[in-house]
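The structure appears right after this line, and notes come after that.
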Ligand code: NDP
Ligand code: 2IT
């Protein structure tokens with residue numbers, strides 16, 4: 001490790017002890033950026049990276065609410081407003097028991113670079129709570145969301161900070177959050193994205209992250225004159241990102257072999273077709289059931305407590321959560337002939353896994369590039385709200401495709417190595433950084 005990088009990381013570590021996920025995300029980015037910054041003294045002298053790792057603001061608040069038994073429950077709410085150099089803070093809300101300040105700081109940090117890559121004017125932020133919506137009634141989820149927004153409303157706004165969904169926050173939660181914001185503020189605005197189409201949402205937003213991921217994979221495959229037709233794909237997760245990644249893979253002629261949830265994964269050797277995927281969508285979004293029920297219904301295998309990375313495939317799409325694919329999984333994937341890993345989730349591959357992919361010279365697309373389609377269409381939802389107008393499905397889908405192509409181009413521009421290999425990680429980090437860094441330079445020391 002070079003001296004500057006080591007010194008930089010030591011400092012960040014000192015100031016952010018007990019934040020392992022945040023430190024992991026910063027290390028990954030700094031490894032690409034420090035050598036680049038050394039060659040560009042204007043960024044170094046203005047301490048751009050030192051400023052980027054310091055959130056502009058962090059808000060932590062109490063969320064008290066009454067459950068169905070009339071008992072008081074208390075959760076913790078957060079909003080990390082990381083960087084507003086290129087636009088208002090933008091990024092999702094996560095409701096999951098594993099949510100900590102460290103997790104949200106890592107997500108907000110990644111979001112800054114991702115949003116920059118989309119080419120749209122969005123800064124980076126992230127928020128959420130340790131509230132677990134699982135096994136809660138709709139009434140309890142509504143009570144929680146209303147209490148959460150009763151504090152959050154004073155920190156967000158259509159031109160200030162625009163939250164959206166993430167793990168545990170989908171249509172239902174966005175609806176309750178929006179209703180409470182509207183009631184408190186007395187205004188109907190584009191304060192959240194991922195809204196229902198009837199009340200200001202954008203067509204294709206539900207599909208955008210998963211579809212965008214597959215569009216990005218297609219761009220990768222084109223670099224070797226290849227396509228998705230006939231490719232075997234393993235997917236983890238069965239939520240928003242996983243469902244629409246699977247849908248687009250199926251539409252493109254690939255064979256989706258696995259999906260998962262926190263209980264384990266199902267392996268369908270015949271391939272999950274659209275009809276079976278519709279069953280998963282209904283199971284997850286309406287019945288709020290478990291993926292193991294798929295194995296019972298379609299008579300295939302369920303691997304309890306396991307992840308799908310030992311199944312032979314051409315392409316792996318980790319779409320569940322951070323650090324869900326480790327070094328051993330990566331070696332197993334490579335040994336089984338997998339040649340492309342693209343992250344629908346944020347930071348699902350551990351540093352050891354990424355090192356194994358790089359060593360094997362296989363395609364590895366980091367989340368900040370590959371899953372940027374979701375926030376990109378959120379940006380398009382903001383544009384439509386400002387215009388007080390809605391674009392058609394095709395219009396939004398075409399813009400999404402174009403954005404994913406542009407992100408791929410940026411990755412190639414900054415990530416191509418001497419032997420021709422495209423290092424998408426380096427490309428995405430530098431490609432995202434330059435626009436933010438130049439904007440920060442232009443705006444002075446703020
Ligand atoms: P959902 O809540 O819709 O789905 C999450 C899926 O991941 C579920 O299948 C869930 O299983 C599984 N999962 C969650 N936590 C864990 C865990 N700790 N261990 C094992 N499985 C887990 O979330 P999304 O699909 O929206 O998000 C998935 C990933 O994609 C996240 O990393 C998110 O940050 C990222 N992302 C999301 C975007 C979006 O637009 N929604 C945009 C870009 C990235 P279970 O139901 O059992 O919990
Ligand atoms: O990680 C992400 O990019 C998201 N959860 C989507 C954020 C957004 O504002 O749409």
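A few notes on this one:
- Spatial separation of Cα centroids for the stretch 181-230 and the stretch 1-60, in angstrom: 30
- The alpha carbons of the stretch 30-153 occupy a box of 62, 24, 21 Å along the principal axes, longest dimension given first.
- Structure-based [θ]222 nm, the chain - -39500 (n - 2.57) summed over DSSP H runs of at least 4, per residue, nearest 500: -15500 deg cm²/dmol
- The simple Förster model, with R0 at 56 Å and r as the Cβ-Cβ distance, assigns residue 419 and residue 69 a FRET efficiency of 0.35.
- Neighbour counts of other Cβ atoms within 10 Å put 282, 96 in the fewest-to-most order 282, 96.
- R0 of 41 Å, Cβ-Cβ distance residue 402-residue 281: FRET efficiency to nearest 0.05: 0.95
- Part-to-part distance (alpha-carbon centres) for the stretch 342-360 and the stretch 82-135, which is given in Å: 20
- FRET efficiency estimate (nearest 0.05) - Cβ-Cβ, residue 438 to residue 39, R0 22 angstrom: 0.90
- Gap separating the Cα centres of the stretch 289-323 and the stretch 393-446, nearest whole Å: 32
- Square roots of 5 times each gyration tensor eigenvalue, C-alpha, the chain, largest first, Å: 30, 29, 21
- Measuring how big the stretch 8-57 is from its alpha-carbon positions, Rg and Dmax come out at 11.1, 32 Å.
- 4 °C / 1.567 mPa s Stokes-Einstein diffusion coefficient of the stretch 132-245, Kirkwood radius on C-alpha pairs, µm²/s: 80
- Which of 198, 56 has the fewest Cβ neighbours within 10 Å, and the rest in rising order: 198, 56
- Comparing 375, 354, 12 in a Gaussian network model of the chain, where Cα atoms under 10 Å apart are tied by springs, the biggest mean-square fluctuation is seen for 12.
Every read-out reported here was derived from the displayed coordinates using simple, explicitly stated rules and does not represent laboratory data. What you see is a predicted model, and the numbers here were worked out from it, not measured in a lab. When we count neighbours, we look across all protein chains shown, and the Cβ atoms used for this are built from the backbone with ideal geometry, even at glycine.
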